[in-house]
1. Determine whether the stretch 38-56 contains at least one residue that is in contact (Cβ under 8 Å) with a residue 40 or more places away in the chain, surrounded by 11 or more Cβ atoms within 10 Å (Cβ to Cβ) and in a helix (DSSP H, G or I).
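The values are calculated or read from the model by the stated rules, or taken from the named source; none is laboratory data. From a predicted model like this one, the values you see are computed outputs, not experimental measurements. Neighbour counts are summed over all protein chains in view; Cβ atoms, including those assigned to glycine, are modelled from backbone coordinates with ideal geometry.
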């Protein structure tokens, strides 16, 4: 029974209260509104950069608050950051690789059929 109480005491350290959830909710809603507003603005080649930046900020809020990275040991936070960096590097390689490809607007087989 004492193990159960110890677990509850450990869990109580991670409680944020309703106020914390409201703050996170408002922040995510504001960022979502900014995302929609940004979709109507033409940033030229920076459209993707702006959208990804907003998405990364929202993901960081969710990771920090809901996944308790703020209260986690530093090694857990470092692993999460390393995972994000790995995905970012892989996506940047993917984006850098598309320069040599020609994209057909109408596939050749469709144009042969008269579509």
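1. Within the stretch 38-56, not a single residue is in contact (Cβ under 8 Å) with a residue 40 or more places away in the chain, surrounded by 11 or more Cβ atoms within 10 Å (Cβ to Cβ) and in a helix (DSSP H, G or I).
Conditions (1) modelled with pLDDT under 90; (2) surrounded by 13 or more Cβ atoms within 10 Å (Cβ to Cβ); (3) on the phi > 0 side of the Ramachandran plot; (4) outside any loop (DSSP other than H, G, I, E, B), marked per residue:
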| site | (1), (2), (3), (4) |
| --- | --- |
| 58 | no, yes, no, yes |
| 65 | yes, yes, no, yes |
| 70 | yes, no, no, no |
| 80 | yes, yes, no, yes |
| 87 | yes, no, no, yes |
| 93 | yes, no, no, yes |
| 96 | yes, no, no, yes |
| 99 | yes, no, no, yes |
